[in-house]
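Each reported figure results from applying straightforward, stated rules to the coordinates on display, with no laboratory input. Note that the structure is predicted; figures quoted are calculated from it, not measured. Please note: Cβ atoms are built from the backbone with ideal geometry, for glycine as well, and neighbour counts cover all protein chains shown.
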Amino acid sequence: MVIFVSIEGIDGTGKTTLMQGLERVYENDNSIVLTREPYDQNIKDKYRITSPDMAAYIFAMDRYAHIETLNQMCENDTGVEMIITDRYYHSSFAYQAFDGVPIWWNERIQPRNLIIPNLCILLTCEPTLAATRGGETDAARLKAIQNIYKSVFQYPAPSPMVEIDTTHKSADEVLDEVMKIISDFRLVMSDEIKEV
């Protein structure tokens, strides 16, 4: 069984820095794959996004390609034991809900073979600080999106979620905490598999 972990959070909480740290830690471990959404990093350049609904469709379409690749890793004997993604559908739900796209509607346009994360790690941060870190100018917007984030982990099915407040933590402290959470979670999952 492949364990699927998503790293979520508003811009400026340290997701990119965390993923860079995970890349260093796991660079020689072929059993762990790191990925991100949008899967096509040039998606915003390819489409002229004119409405929140269009953005929802485009990110869902991008997710179809991402899911296809992830499913191939999970179904084939590739030796992959864990996949960690920087953002996933919870990001779409939170950001697009802020823009007026209902979560129930966004849920309907997701791939039918959507992989539900075994674990979601939500990085949070004081929104004013996140705004300075992430290049966002509207801290109130980030605060509202961060509040929405905390409610989206039940869709389309409940996902276990661990929240880490990065406001007063160094990048190394966040990396260490995430590594411990992932390590502990892998042990729990392997014990559950042994019991079956």
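Between ALA157 and ASP99, what is the spin-label point distance in nm, taking each point 7 Å from the Cα along the Cα→C-beta axis?
Taking the simple label geometry, ALA157 and ASP99 are separated by 2.8 nm.
Go ahead and run the numbers for FRET between SER190 and TYR64, Cβ-Cβ distance against an R0 of 41 Å, rounding to 0.05. Walk me through the numbers on the way to the answer.
Values: r = 31 Å, r/R0 = 0.75.
That gives a FRET efficiency of 0.85.
Which value in deg cm²/dmol, rounded to the nearest 500, describes the helix-derived mean residue ellipticity at 222 nm for the chain, given -39,500 (n - 2.57) per DSSP H run of n ≥ 4 and division by the residue count?
On the way: 8 runs with 100 residues, N = 196.
So the helix-based figure for the chain works out to -16000 deg cm²/dmol.
What's the local net charge at GLY14, with K and R +1, D and E -1, over the other residues with C-beta under 9 Å away? Could the numbers behind the result be given before it?
Numbers: positive: LYS15, ARG133, LYS169; negative: none.
Local net charge: +3.
For the chain, what does the alpha-carbon gyration tensor say about shape, rounded, prolate or oblate, given a ≥ b ≥ c as the root eigenvalues, a/c under 1.5 as rounded, and a/b over b/c as prolate?
oblate
Quick one: how many lysine pairs does the chain have with C-alpha atoms less than 18 Å apart and a gap of 8 or more or different chains? Give me the count, please. Let's see the in-between values first.
Numbers: LYS15/LYS143; LYS15/LYS150; LYS15/LYS169; LYS15/LYS180; LYS169/LYS180.
Eligible lysine pairs with Cα atoms under 18 Å apart amount to 5.
First measure r as the distance between the Cβ atoms of ASN30 and ALA140, then evaluate 1/(1 + (r/R0)^6) with R0 = 45 Å and state the FRET efficiency to the nearest 0.05. Working shown, then result.
Working: r = 43 Å, r/R0 = 0.97.
That gives a FRET efficiency of 0.55.
Of the candidates ILE145, ILE49, ILE182, which one comes out as most mobile in a Gaussian network treatment of the chain with C-alpha springs shorter than 10 Å?
Taking springs between Cα atoms under 10 Å, the residue moving most is ILE49.
What ³J(HN,Hα) values, in whole Hz, does the Karplus curve 6.51 cos²θ - 1.76 cosθ + 1.60 give for the range 144-155 when θ = phi - 60°, with x put for Gly and Pro?
Listing the rounded values in order: 5, 5, 4, 5, 5, 3, 5, 9, 8, 6, 8, 10 Hz.
Could you let me know the centre-to-centre spacing of the range 116-185 and the range 1-48, using Cα atoms, in angstrom?
Here the two parts' Cα centres lie 14 Å apart.
Select from SER51, THR78, MET161 the residue farthest towards the positive end of the dipole of the chain; place +1 on Cβ of Lys and Arg, -1 on Cβ of Asp and Glu, and compute about the Cα centre.
So the residue we want is SER51.
What is the spread of the Cα atoms of the range 31-134 along each of their three principal axes, largest first, in whole Å?
For the range 31-134, the Cα spread along each principal axis is 42, 30, 27 Å.
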